[in-house]
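The values are calculated or read from the model by the stated rules, or taken from the named source; none is laboratory data. Since we're looking at a predicted model, the values are computed, not measured. As a convention, Cβ positions derive from the backbone with ideal geometry for all residues, glycine included, and neighbour counts pool all protein chains shown.
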Amino acid sequence: MTAFDQGPATPVGTRSHTHPFLPFHPERLDQAEAIRRGTEFHQHLEARRSVRFFSPDPVPPEMIELAVAAANTAPSGAHQQPWKFVAVGDPALRHKIREAAEHEEHINYEGGRLPEAWREALGPLETDSDKSYLDTVPWIVVAFAEKSTPMPDGRLRKNYYVNESVGIACGLFIAALHSMGLATLTHTPNPMAFLTEILHRPSTERPYILFPIGYPAADCEVPDLARKPLNSALEFFRE
Ligand code: IYR
């Protein structure tokens, strides 16, 4: 039973369509069950942290496929699905990515390209130009954003709301990895054009976020940070 085949179909003839539509009747939960599930989901996400200290333990490719399958359910502008996830397990290629990322970050941190205010904001994270985790993790997944998509007839289709769409897909990707007990980091080496070259991506795609993926190291630590309180994240206008 799926949301598409249970419950009454929309009575035929009440709406007219120019394109195919399907009846859609997801299960309606009672309020207590809905709140129980929402609480559980929030508690699950509350336990996620961005990780910079990884274990080299292997992760089967099936887990990467599952996380991308979850990301691939994201809503997108005009349903254009303007994302491409490129998964790199090959150690030589991961090392190449590490070297290129560290080259850029060396200019940022040691070469003074990182503005002082930005450097200050990063202080509590204790980030630096050492990106050795890119050699440690079993997988690097790079999300690319498709500014446009080549069509089978050779024409280029312009995509809409690309950043929003790929951002949402990446959020689902992170949640899916977390659901499998995997850790990641939204790493954005700056600039990251080198990923286009190393991964042979077409000029219609732009590197969006690099995700090192693996299990946290046995001695993993994370910065002692708090999430902002809900009353700062949410403003209600209630009746
Ligand atoms: N790209 C650099 C700097 C950096 C920027 C932000 I915003 C972060 O949240 C973390 C790091 C780096 O990867 O170190």
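Going by the structure shown, is Ser148 among the hydroxyl-bearing types (Ser, Thr, Tyr) and closer than 21 Å to Pro60 by Cα? In short, no. Just one of the listed residues (Ser50, Ser76) is at negative phi, at pLDDT 95 or above, hydroxyl-bearing (Ser, Thr, Tyr) and surrounded by fewer than 16 Cβ atoms within 10 Å (Cβ to Cβ), and it is Ser50. Being within 14 Å of the chain's Cα centre (by Cα), of a type in the set (S, T, N, Q) and away from the ligand (no atom under 16 Å from the Cβ) is a property that does not hold for Ser203.
Look at (1) over 28 Å from Asp135 (Cβ atoms); (2) exposed (fewer than 13 other Cβ atoms within 10 Å of the Cβ) and you find that Glu221 fails only one, number (1). Evaluation of Pro189 against the conditions (1) surrounded by 17 or more Cβ atoms within 10 Å (Cβ to Cβ); (2) part of a loop (DSSP other than H, G, I, E, B); (3) more than 16 Å from the ligand (Cβ to nearest atom) shows that the sole unmet condition is (3).
A count restricted to the range 142-164 and to residues that are within 14 Å of the chain's Cα centre (by Cα) and farther than 14 Å from Ser203 by Cα stands at 5. Restricting Glu164, Glu197 to those that are in contact (Cβ under 8 Å) with a residue 60 or more places away in the chain, away from the ligand (no atom under 14 Å from the Cβ) and either outside any loop (DSSP other than H, G, I, E, B) or farther than 17 Å from Pro138 by Cα (or both) reduces the list to Glu164.
In this structure, does Leu125 turn out to be surrounded by 12 or more Cβ atoms within 10 Å (Cβ to Cβ), at pLDDT 95 or above and touching a strand residue (DSSP E or B) at 6+ places or on another chain (Cβ under 8 Å)? The answer is no for Leu125. Among the candidates Ser203, Ser129, Ser232, the residue that is touching a His at 6+ places or on another chain (Cβ under 9 Å) and free of Cβ contacts under 8 Å to residues at least 40 places away in the same chain is uniquely Ser129.
Taking (1) aliphatic (A, V, I, L, M); (2) more than 25 Å from Arg227 (Cβ to Cβ); (3) more than 18 Å from the chain's Cα centre (by Cα); (4) not in a loop (DSSP other than H, G, I, E, B) in turn, Leu22 satisfies each apart from (4). Scanning the range 146-161 for residues that are of a type in the set (Lys, Arg) and either within 16 Å of the ligand (Cβ to nearest atom) or not in a loop (DSSP other than H, G, I, E, B) (or both) returns Arg157, Lys158. The set of residues in the range 194-225 being closer than 17 Å to Val88 by Cα, out of contact with any strand residue (DSSP E or B) (no Cβ under 7 Å at 6 or more places or on another chain) and among the aliphatic types (A, V, I, L, M) consists of Ile198 alone.
You will find that of Ala226, Ala218, Ala175, the residue that is within 20 Å of Pro58 (Cα to Cα), among the small types (Gly, Ala, Ser) and in a loop (DSSP other than H, G, I, E, B) is Ala218 and no other.
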